[in-house]
């Protein structure tokens, strides 16, 4: 190999290689790497595919779970409404007993009926409150098709609950009125007896004999006792029903008792021979008797009238609310029946 004068090397000497050897070496190099790369790609693809399947399965499972859970909630809610409807039907029997007592005419005989109904009203109100809660809690999970019946049942339960909440004040007034009627009727009987005895006393006195005047005096004592009994009974009736105004009757009784006192004075004066003084007191008696007779004419037609007036005042608002709720309950009940018939068809 020659070296140039300027020190540069000459043309680069290259080692000759055969084309075949070079091609084989390239092919062997690719063939040594390719299988690994291909295997790695397949593994990655399978992992991705598996992950996609798992995700898809999880999504389907989650959807299915949500669907099953929602369906179960609907079924549970529907079952709860059916249970509430059965409880409402059971409560209806006792509710009708209470309703009958509320609508019964007020009389001295209804005290026991009202007392029994009063106990029932409280328990029925509690049952209906539970029914209301059951339906209200179930409604959010109901299917749309179930809602009309649920709403009608809820309205029915709510209206009946109001009825049972208003009934006690009416029934309590019924009990008080029944007892007041008994006492006032007895007071009236005492008054009637007193009137008869007063008439008998006047008849005996007008005989103008010692025996007759003594009989008159004895009758006057009985009259006074009857009148006192009547007043006491009216006081007891007022204690039972403070709203009842018996003032006209008690004023009349007090006036009658005052007359008896004058009558007894007349008898004693006559029996002691003080005829002129007796006659003078008799004039006073007759004048006062006319005034008392006017008081009697101004009395209410019945001794029960003050009771009726008091009852109306005490129960007016409760009765109004009760019957308004009763009408709502009736309408809701009819709606429940219509919806059940439709469902059955």
Given the residues 91, 84, 138, 117, which is the only one that is more than 30 Å from residue 178 (Cα to Cα), assigned by TED's automatic domain parsing to the domain that holds residue 339 and under 19 Å from the mean Cα position of the chain (by Cα)?
-> 84
Applying the selection to the range 131-153, what residues are buried (at least 18 other Cβ atoms within 10 Å of the Cβ) and under 20 Å from residue 329 (Cβ atoms)?
-> 131, 132, 134, 135, 149, 150, 152, 153
Look through 222, 207, 192 and report the one residue that is loosely packed, with under 15 Cβ neighbours inside 10 Å and in a helix (DSSP H, G or I).
-> 192
Exactly one of (1) over 30 Å from residue 178 (Cα atoms); (2) touching a residue at least 60 places away in the same chain (Cβ under 8 Å) is unmet by residue 204. Its number?
-> (2)
Can you tell me how many residues in the range 282-326 are assigned to a helix (DSSP H, G or I), farther than 24 Å from residue 172 by Cβ and touching a helix residue (DSSP H, G or I) at 6+ places or on another chain (Cβ under 8 Å)?
-> 9
Scope the range 240-280; condition in a helix (DSSP H, G or I) and within 14 Å of residue 296 (Cα to Cα); matching residues = 247, 248, 249, 250, 251, 252, 253, 254, 255, 256, 257, 259
Looking at the range 276-299, is at least one residue assigned by TED's automatic domain parsing to the domain that holds residue 189, modelled with pLDDT of 95 or more and under 34 Å from the mean Cα position of the chain (by Cα)?
-> no
Among (1) more than 27 Å from residue 236 (Cβ to Cβ); (2) surrounded by fewer than 24 Cβ atoms within 10 Å (Cβ to Cβ); (3) assigned by TED's automatic domain parsing to the domain that holds residue 127 - the single one residue 169 does not satisfy | (1)
Scanning for something more than 42 Å from the chain's Cα centre (by Cα), more than 30 Å from residue 86 (Cβ to Cβ), in contact (Cβ under 8 Å) with a residue 12 or more places away in the chain and surrounded by fewer than 18 Cβ atoms within 10 Å (Cβ to Cβ), does the range 312-322 turn up at least one residue?
-> no
Looking for whichever is crowded, with 17+ Cβ neighbours inside 10 Å and either under 18 Å from residue 196 (Cα atoms) or without any contact (Cβ under 8 Å) to a residue 60 or more places away in the chain (or both) here; the options are 272, 238. Which one fits?
-> 238
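The values are calculated or read from the model by the stated rules, or taken from the named source; none is laboratory data. Owing to the predicted nature of the structure, the values given are computational and were not obtained by experimental measurement. Using ideal geometry, Cβ is built from the backbone for each residue, glycine included, and neighbour counts are taken over all protein chains shown.
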